[in-house]
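S.K.: Have a look at the structure that comes next, please.
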Amino acid sequence: MLRVYQKTKSKSMWREVLPEMEGKRNHYAVTVEDRTPEEIYDFCRNFKNFRYFMKNLLEIHFFSPQRSRWSVRLNSGLFREWSTKIIQDQPAAMISWQSSSSSQESTIVGSVWFSPAPVRRGTVISLSIDYALPGGKLVEFAESLAGEDPCSIAQLTLHRLKAYLETGEVPTIDGQSSGRSEEEKTTQSEMQH
C-alpha cells in the first residue's frame, strides 16, 4: 500500500496526495548540483525532454497536457506501452501521475518532488513509485532480475536525469572496448553457451 504525503503550510503536517494501491513501493532520491527546483521542474514537466535521458524511449504521444502514451523498447527486445495521467501538478514542487489500468499493462502510481538541497547546493529530486505487474510475483521477479521492472527503469532514469542536468550528457559505455583480448572474449562467450 502506497501513501505519498505532501508538506502543508505547517512543516510538521503532511497530507496524502496519491491513492492507495496494492503493489511494490520504492523511493529514490538524487541531488542535482547547481540547479534550482524551478529549473528542474520546468525541464521535467516538458516530457519531450525525456528523450535526452530516458533509456530506450521510443515515443511519447500527447493527448493533452495531462494525458500521454509512452512507448519503450526494453533491453530484452520487448516493447512496453502505457498511458499516463497527471493527477497532481504543483509548479516547482512536484508532479504525480498514474498509469491507466488495463489487463495488458502494469499499473503504476508515482510522484516526483523537487526541493532545495541543504546549504543551497542544488536540488533534491525524490521519486516515489508503486506498481503492480500483470502476471504476479513470478513476472515481477523475472523482470527485476533482468533490470526491466518499473522501479529499475525509474531508478536508472533518475540517475541519467541527474547526469544530464549536471553535465549536458548521459555517460555510456556503448561503443567502448572492454579491455579484454579477443581470445578472452571468445572463451567467455563459449562458457556462456
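S.K.: Kindly indicate the residue of the stretch 72-84 that is in contact with a strand residue (DSSP E or B) (Cβ under 6 Å, 6 or more places away or on another chain) and open to solvent by 40 Å² or more (accessible area, probe 1.4 Å) and also modelled with the lowest pLDDT among those meeting that condition.
M.R.: Result: Arg80.
S.K.: Against the condition at pLDDT below 70 and open to solvent by 40 Å² or more (accessible area, probe 1.4 Å), how does His159 come out, does it pass?
M.R.: no
S.K.: Please state which of the following conditions Ser68 fails to meet, knowing it meets all the rest: (1) assigned to a loop (DSSP other than H, G, I, E, B); (2) modelled with pLDDT of 90 or more; (3) not aromatic (Phe, Trp, Tyr).
M.R.: Of the numbered conditions (1) assigned to a loop (DSSP other than H, G, I, E, B); (2) modelled with pLDDT of 90 or more; (3) not aromatic (Phe, Trp, Tyr), the odd one out for Ser68 is (1).
S.K.: Restricting attention to the stretch 53-71, which residues are closer than 18 Å to Lys85 by Cβ and either surrounded by 15 or more Cβ atoms within 10 Å (Cβ to Cβ) or among the aliphatic types (A, V, I, L, M) (or both)?
M.R.: Across the stretch 53-71, the qualifying residues are Ile60, Ser68, Trp70.
S.K.: Does Glu143 count as surrounded by 14 or more Cβ atoms within 10 Å (Cβ to Cβ), modelled with pLDDT under 75 and part of a helix (DSSP H, G or I)?
M.R.: So Glu143 passes the test.
S.K.: Somewhere in the stretch 105-117, is a residue at negative phi, within 13 Å of the chain's Cα centre (by Cα), at pLDDT below 95 and hydroxyl-bearing (Ser, Thr, Tyr)?
M.R.: Checking the stretch 105-117: at least one residue is at negative phi, within 13 Å of the chain's Cα centre (by Cα), at pLDDT below 95 and hydroxyl-bearing (Ser, Thr, Tyr).
S.K.: For the stretch 4-52, which residues satisfy the criterion of being part of a loop (DSSP other than H, G, I, E, B), at pLDDT below 75 and open to solvent by 70 Å² or more (accessible area, probe 1.4 Å)?
M.R.: If the condition is that a residue be part of a loop (DSSP other than H, G, I, E, B), at pLDDT below 75 and open to solvent by 70 Å² or more (accessible area, probe 1.4 Å), then Lys9, Lys11, Ser12, Met13, Glu20, Glu22 are the ones that fit.
The values are calculated or read from the model by the stated rules, or taken from the named source; none is laboratory data. Just so you know, these numbers come straight off a predicted model, no measurement behind them. So basically every Cβ, Gly included, is an ideal-geometry build from the backbone, and we count neighbours across all protein chains shown. Note: accessible area is taken over every heavy atom of the protein model, side chains too, but ligands, DNA and RNA are not part of it. Shrake-Rupley method; radii C 1.70, N 1.55, O 1.52, S 1.80 Å.
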